[in-house]
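Working notes for the structure below.
The values are calculated or read from the model by the stated rules, or taken from the named source; none is laboratory data. All values reported here derive from a predicted model rather than from experimental measurement. Cβ coordinates were reconstructed from backbone atoms using ideal geometry, including for glycine residues, and neighbour counts include every protein chain displayed. The area values use the complete protein model at the heavy-atom level, side chains included, leaving out ligands, DNA and RNA. Shrake-Rupley method; radii C 1.70, N 1.55, O 1.52, S 1.80 Å.
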Amino acid sequence: MANVMTPKLPRQILATSDPETLATEILRALKYRVGKDMTVATPYDWLTASIKVVRDRIIDQWISSTKETYEQREKRVYYLSLEFLIGRLMRDAFANIGLLDDMRVALKSLGVDIDVIAGLEPDAALGNGGLGRLAACFMESMATVNVPAHGYGIRYANGMFRQEISDGWQVEFPEDWLDHGNPWEFERRERSFEVGFGGHVESVTSKDGRLERHVWKPVERILAVAYDTPVVGWRGARVNTLRLWSSMAIDPLQLDAFNAGDHIGALRDSNKAEALSRVLYPADANPAGQELRLRQEYFFTTASLQDIVQRHLSQFGELLSLPDQAAIHLNDTHPAIAVAELMRLFMDVHGVDFDKAWDATKRTFAYTNHTLLPEALESWPVPLFERLLPRHMQIIYAINAQVLLEARSNGHFNDEQIRSISLIQEGGERRVRMGNLAFVGSHSVNGVSALHTELMEQTVFADLNKLYPNRINNKTNGITPRRWLFQCNPGLTGIVREAIGDKFLDDVEKLKGLDKFAGDAAFREKFAAVKRANKERLAGFVSGRLGVKVDPSALFDIQIKRIHEYKRQLLNIIEAVALYDQIRSHPERDWLPRVKFFGGKAAPSYHNAKLIIKLANDVAKVINRDPAVRGLLKVVFVPNYNVSLAELMMPAADLSEQISTAGMEASGTGNMKFALNGALTIGTLDGANVEIKEHVGDDNIFIFGLTADQVEERRAGGYDPRAVIESSPELSQALAAISSGVFSPDDPQRYRSLIDGLYQSDWFMVAADFDAYAATQRSVDKVWRDSPDWHARAIRNVARMGWFSSDRTIRQYATEIWNAIP
Ligand code: 26V
C-alpha cells in the first residue's frame, strides 16, 4: 500500500531524514544518550534511542514556534486540565513529523521491528476517560491548526490504575508508566514555583491607617517542578508544550530537621510533599471532602498561573494587558480556583484594585462544563477551604458580594434564584460551588454538544444564564483524525486515499468525497476487506490474551467506555441475555453470529459498576460455553481498556453502542471514533449522538428510546418500572434469569439487589428503554444480513464524520472564545 504519511515538511526536518542517516543517528543515540551498544541494547533501549532521534527533530520546530509567537506577540492559549489521557506518543509524533516510514526502514536495517518497540511504550494514562482524552486531542489539534498553546496539568507518578479481571471481578493495580523513564519529557528544575497552604492573612495598612493590601502567610510550602513534553501537530505545523507539574519538598532533605536529628520527621515531610502529585483521582464517589484532591487542584493551578504571569511580565512588563495576550481555559471546574488565585495575584502581589482585577480576570478565563450529573459537580466545605486557602476564601466572599449585588439590583431575581446564583451553598453544611465560581469568573462558558449546552441553560446554570445572558455557548466536541483514523486504521486510510486522493489528510471534511463510493461495489469490497482485517487483528488479540475464540465474520458489537450506570452497560447485558434466550428457544430461526464486546474501568469505590463488570463476565461464561448457542452469540469482556486498546477496537467495530440515558452523556467522543472508522451506531438521542445523526443521516444510524425531555417527563410523572417490566415478557424473563442466579450458580443472590433496583426505581430508565432497544437490535440484524447495504451505510458514516474533527472544534474555540485566530 502507498505510504500513508508523506507530508510536506520544513526543510531542516527533510534534509536529514533518509533512513541511512536516521539509522546512524539511532546508533549514536543508543550509545551517547542511553549508554549502550547494539550488542547489549534491550528493546526498551531501542525505543528510547528512536524517540530521542525524532525528538531532536521536533525541538528545532519547537524553538522556532516559540520564537515566532514571542516576536509576533501572538496571543497564547493556556489549557488547564487536571487530566491528559494521552496514550502512546511514538507513532503519533513520528507520523505527524513525517518520519514514521523512514524510521521503520531505519530500524529494520538495524534488525529492529518498529511495531514491536512501539508496543512497549507505556500509555500515558493521566486521565479517567472522555474529559482527559478530549484534552489530549485538543493539544494535538492546537498544534495542528497553529494555535500557540500550553497545556498545564499534573505529572502523576501513578496515572489510571491497571485493571485485571480475576474470577470476573475488577482488581486494580498501580500502573508505573515512568518505570523505564520518560524519553519525551524535559525536566525543568529551574522552572519551579512555590505553592503554599494554610496559615493566615495579614493586612498591610498605610501610615494613615488605610488598608493597603492583604498578604497571605501560608504555613506549608512545597515546590512545583515543571516537566515539558513537546506536542507536534500534523505535518510538524507547530510544536506546543504540555507542561506537567511534579511536587517536591522545597528542601527535600529538610536540612534543619535532619541536622537536628529528626531524620524520620524530615523524611515524612518530604514524602508528604511528593505525595501530592502521586495519584490521579478516580471519577469516583463525590470528591468533595477529599483534602488531597483540593490540594492537587490548587497546586497545579497556582503553579500554572505563576508561570503564565511570569512569562507575561517578562515580555510585556505589566500585568493588566494579560487578557489581550493570554486566554486561560478551565477544563471543567478542577482548575476553577484559578479565578480566585488570579484575583489574588492581581490584588495582593501586583497592587491592582478589585474592580480592575475582576474585569481583567473575567476577560482572561473561559470555562467548559463536561457533566450535568449533580454528584459530579464540585463543591468544597467552607471550613476546609478556609483552612487550606484562607485568602482565597476571602476573595470568593468578595466576588460573591459583587455578583449578588448585580443580581439584586437587576430586580428580576427572587430569593430562591439568588440562592442558586450564590457561590456559597447555604443550608446544612456551607460549601463553595466551583461551577458557579468558574461561571462568574469567565467571559465564556461552554457545553460540549448542542443538547448538553441546551440542558445546561435550562438546569444547573439557568439563573446564572439569566443574569449573564450570552455567556453560555456550545462547542461540540471532536477527535483528532490523526490518531483516530490515520494511525489506528492505516488500511482504511489507504483505500480512502486511493479513492479520493490526499486532500482529506489535511482537511478531514474532504472525506465527503467518499460519499459516492457507498454505491460502488468494488470500493465496498475493499472496505469490507479492510474491516475484516481489522476484526481479525482484534480476534487474534482476544484469542491470545483471553483464550476466547471469536469469528471475524460475526457482527462485532462493541461497548467500550467507563463503566457507569448512566452509560447503561446493564441494558446491553440484559439484551444479550434476552437474545441468548431467543437463540435457545428458537433454534430454527436463521440467526447470524454476533460478538458483544465490553471494555471499561469502574471507579474503585463504585459498587454497582463493579458488579456490572462481574455480570458481564458471568454472562459471558455461561453463553460462551453453551453448545446450544452454536457460536451464534459470544460475550467478551476485554480487560484494561485504555487508549491503546481503543486504537485496536475502534477500527474493528461493526456496531457502536452509545446507549446512555438521554440527557446524561454530555457529549461522548467514543461515538465519534467508531463512526469515523465505519461502525454504525445504535444509540439514544443523547450528547453528540444527536449531531452525529444529523450528519450521517437517519438511514445510517440506529436511534431508539426516550428523548431527554421524555426521560424528564417520566421521572416527574411517577414512572413505574415494575409495570413496564411486567408488560415485557422478554425483559421479565431476562431479569428473572439474572436475579435467580442462572449466571451466578456459585452465589445465586449476587445480582438480586442490582435487579431489585430496576424494579424499585430504575433511575436510568433501563426498563423503559428495553423493548425499543431490543427491537432496534433486531433491525440491526436485518440490515447486517444485507452486507452490501450495511457497508454502504458504514462508508457514508466515514464520509460524513469529518465535521467531528477536533481541528474544527479548536478553530471554533480559537475564534469564538479565545480570540486567538490561527
Ligand atoms: C465524574 C464523576 C465524579 C463523581 C461521580 C460520578 C461522576 C461521573 C462522571 C464524571 C465525569 C465528569 C467529567 C467528564 O469526564 N465528562 C465527560 O467529558 C467528555 C468530554 O467532554 C464527554 O464527552 C463525556 O460525555 C462526559 O461524560
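The set of residues in the stretch 124-147 that are open to solvent by less than 10 Å² (accessible area, probe 1.4 Å), away from the ligand (no atom under 16 Å from the Cβ) and in a loop (DSSP other than H, G, I, E, B) contains only Val147. The residue that is surrounded by the fewest Cβ atoms within 10 Å (Cβ to Cβ), among those in the stretch 632-661 that are away from the ligand (no atom under 16 Å from the Cβ) and of a type in the set (S, T, N, Q), is Ser644. Gln760 meets each of the listed conditions (1) among the polar types (S, T, N, Q); (2) closer than 30 Å to Pro148 by Cα; (3) without any contact (Cβ under 8 Å) to a residue 60 or more places away in the chain apart from (2). If you go through the stretch 293-316 and keep only what is loosely packed, with under 15 Cβ neighbours inside 10 Å and among the aliphatic types (A, V, I, L, M), you end up with just Leu313.
Could you list, in sequence order, all residues of the stretch 454-477 that are within 15 Å of the ligand (Cβ to nearest atom) and either modelled with pLDDT under 95 or farther than 27 Å from Asp324 by Cα (or both)? Scanning the stretch 454-477 gives Glu454, Leu455, Met456, Val460. When you look at Ala401, is it out of contact with any Leu (no Cβ under 6 Å at 6 or more places or on another chain), within 16 Å of the ligand (Cβ to nearest atom), open to solvent by 20 Å² or more (accessible area, probe 1.4 Å) and of a type in the set (Gly, Ala, Ser), yes or no? So Ala401 does not fit the description; no.
If you go through the stretch 161-181 and keep only what is at negative phi, open to solvent by 20 Å² or more (accessible area, probe 1.4 Å), of a type outside the set (A, V, I, L, M) and touching a residue at least 12 places away in the same chain (Cβ under 8 Å), you end up with Phe161, Arg162, Glu164, Trp169, Glu172, Phe173, Pro174, Glu175, Asp176, Trp177, Asp179, His180. In the stretch 145-160, the residues that are at positive phi form Cβ pairs under 6 Å with partners that are in a loop (DSSP other than H, G, I, E, B) and not charged (D, E, K, R), at six or more places apart or across chains, as follows: Asn146/Ala237; Asn146/Pro822. Listed by first and then second residue, the pairs linking a residue in the stretch 294-314 that is more than 16 Å from Val225 (Cα to Cα) to a residue that is hydroxyl-bearing (Ser, Thr, Tyr), with Cβ atoms under 9 Å apart and 6 or more places separating them unless they lie on different chains, are His312/Ser321.
Output the residues belonging to the stretch 70-123 that are part of a loop (DSSP other than H, G, I, E, B) and of a type in the set (D, E, K, R). Listed by number, the residues that qualify are Arg73, Glu74, Lys75, Glu83, Arg88, Asp113, Glu121, Asp123.
Given the structure, is Leu345 within 16 Å of Trp216 (Cβ to Cβ), open to solvent by less than 10 Å² (accessible area, probe 1.4 Å) and in contact (Cβ under 8 Å) with a residue 40 or more places away in the chain?
On the way: within 16 Å of Trp216 (Cβ to Cβ): yes; open to solvent by less than 10 Å² (accessible area, probe 1.4 Å): no; in contact (Cβ under 8 Å) with a residue 40 or more places away in the chain: yes.
No: the conditions fail for Leu345.
For the stretch 691-706, the tally of residues that are surrounded by fewer than 22 Cβ atoms within 10 Å (Cβ to Cβ) and either under 20 Å from Glu647 (Cβ atoms) or within 20 Å of the chain's Cα centre (by Cα) (or both) stands at 1.
Please verify whether the stretch 86-97 includes one or more residues that are open to solvent by 10 Å² or more (accessible area, probe 1.4 Å) and more than 23 Å from Ile810 (Cα to Cα).
For the stretch 86-97, residues open to solvent by 10 Å² or more (accessible area, probe 1.4 Å) and more than 23 Å from Ile810 (Cα to Cα): absent.
Would you mind stating whether Leu319 is open to solvent by 30 Å² or more (accessible area, probe 1.4 Å) and in contact with a helix residue (DSSP H, G or I) (Cβ under 9 Å, 6 or more places away or on another chain)? Against the criterion (open to solvent by 30 Å² or more (accessible area, probe 1.4 Å) and in contact with a helix residue (DSSP H, G or I) (Cβ under 9 Å, 6 or more places away or on another chain)), Leu319 does not qualify. Could you say whether any residue in the stretch 605-617 is at negative phi, crowded, with 18+ Cβ neighbours inside 10 Å and not in a helix (DSSP H, G or I)? Looking through the stretch 605-617, at least one residue is at negative phi, crowded, with 18+ Cβ neighbours inside 10 Å and not in a helix (DSSP H, G or I).
Of all the criteria given as (1) under 30 Å from Leu330 (Cβ atoms); (2) at pLDDT below 95, the one not satisfied by Tyr78 is (2). Restricting the first member to the stretch 467-486 and to residues that are over 26 Å from Val643 (Cα atoms) and charged (D, E, K, R), and the second to residues that are open to solvent by 10 Å² or more (accessible area, probe 1.4 Å) and more than 16 Å from the ligand (Cβ to nearest atom), the beta-carbon pairs closer than 8 Å and six or more apart or on different chains are Arg471/His443; Arg471/Asn465.
Quick test for you: out of Met664, Met672, pick the one residue that is open to solvent by 10 Å² or more (accessible area, probe 1.4 Å) and within 13 Å of the ligand (Cβ to nearest atom).
Working: Met672 fails: open to solvent by 10 Å² or more (accessible area, probe 1.4 Å).
Within the list Met664, Met672, the selection yields Met664.
At least 1 residues being at pLDDT 95 or above, in contact with a strand residue (DSSP E or B) (Cβ under 9 Å, 6 or more places away or on another chain) and aromatic (Phe, Trp, Tyr) is the threshold, and among the helices (runs of 4 or more DSSP H) wholly inside the stretch 658-771 those reaching it are 670-676. Selection within the stretch 450-475: residues that are under 16 Å from Gly663 (Cβ atoms) and hydroxyl-bearing (Ser, Thr, Tyr). The member of this set that is surrounded by the fewest Cβ atoms within 10 Å (Cβ to Cβ) is Thr459.
In the stretch 58-67 there is no residue matching the filter, namely being closer than 30 Å to Gly317 by Cβ, touching a helix residue (DSSP H, G or I) at 6+ places or on another chain (Cβ under 6 Å), crowded, with 19+ Cβ neighbours inside 10 Å and hydroxyl-bearing (Ser, Thr, Tyr).
Just for the stretch 590-609: of the residues that are under 14 Å from Leu655 (Cα atoms) and not hydrophobic (A, V, I, L, M, F, W, C), which one is nearest to the ligand (Cβ to nearest atom)? By that ranking, first place goes to Lys596. For the stretch 512-545, the set of residues classified as farther than 19 Å from Asn489 by Cβ, under 30 Å from the mean Cα position of the chain (by Cα) and open to solvent by 60 Å² or more (accessible area, probe 1.4 Å) consists of Gly544, Arg545, listed by residue number.
On the stretch given as the stretch 534-574, residues that are in a loop (DSSP other than H, G, I, E, B), under 14 Å from Lys596 (Cβ atoms) and away from the ligand (no atom under 16 Å from the Cβ) total 4.
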